[in-house]
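Below is one structure, written out as structure tokens; the observations come after it.
The values are calculated or read from the model by the stated rules, or taken from the named source; none is laboratory data. These numbers were taken from a predicted model, which means no experiment stands behind them. Here Cβ is always computed from backbone atoms with ideal geometry, including for glycine, and neighbour counts include all displayed protein chains. Surface areas here come from the heavy atoms of the whole protein model, side chains and all, with no ligands, DNA or RNA. Shrake-Rupley method; radii C 1.70, N 1.55, O 1.52, S 1.80 Å.
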Amino acid sequence: MTTEYDLSEVDREKRMGGLGGETGNREIRVIDLGEFDSRRAEITAELWTAATEIGFFQLAGHGITPERIDRAFALTERFFALPEPVKAKYALVKAKNAGWESLSQVRPSIGVPDQKESYQITRPNMTDLWPDAGELPEFATELLEFERQCWTVAMRVLSCFADRLGFPREHFTAAHDPGSDRYQCTLRLLHYFAVPPELYGAPDRWRAGAHTDFDCLTLLFQRDGQGGLQVCPGREMDGQQWTAITPSSALITCNIGDMLTRWSDDLLPSNFHRVRGPGAGEYQGDRYSIAFFAQADRDAVIHGPRGEYPPVTAADFIAARVAANYRPRS
């Protein structure tokens, strides 16, 4: 794989569509961040092994309380329960990566919209995009605090990768500045729609098609019993060995994104993942999750420790990545 993205990226995603591939049983490792300062070397080794071998791992001992997570999910459900005309007042502004969208994200891997709606929070870009306090009291205050705690966890993990890559420990933290007007980290609330009874167990039904993330690091919060997330470890994906990730309300599921792959000179791989529809006998109801995308500030310069690729700003990197994956079909 190359991180100089071109049309082949679309072709690769298309190859990941459908029900193809075997079911794998690769271990998704759980890494405890507890007593971080005294255990930094041990934690760094565990993170590096999980990230380089699979690209996915789960975090325990992350410091975000269950009560805080539960409140974030409660607000997520309340937002998506608002009438569509109300949500439409806060429609997604693509240039700002902020606001609400529904059934609009089409993955090249399957060619149809993901069966979901989402609401993106990007700190500097939220003018006129917060729900009215009368509609959702304390929504902005609570979720901005949750976003900040996610940032803290992500920067802790990225500081470990900085150590291993030979960067200054705060290298990535400096590039993700919540106080900057060029800050691009995004908290994304997600609602995957319940399956209609007439489609229970229907084949070839996906909630989100196969894709990689464009960021440095993704933190994903899930709920017990609301499964479907699968990862395909390995850079080339030729065998399509998909491994299910068991959802846990207590753990944060993490994956490496394309931006960190470039920044690490390909040492840290981003891998395909998808959300399959539930099979017969599985939970068919609404699925909620919350993702935090640690995405470097627009003016941050991405340049690996070995200089494998020329320097590029985070803004230009994302623009190129989007263009490579979402070019119009011929």
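Peptides 124-137, 165-178 ranked from most to least packed by the mean count of surrounding Cβ atoms within 10 Å: 165-178, 124-137.
Note that region 247-303 presents 26 Å² accessible area per residue, ligands and nucleic acids not counted, probe 1.4 Å. For region 27-89, the per residue solvent-accessible surface stands at 47 Å², with DNA, RNA and ligands left out and a 1.4 Å probe.
Peptides 56-66, 300-310 ranked from most to least packed, by the mean per-residue count of other Cβ atoms within 10 Å: 56-66, 300-310.
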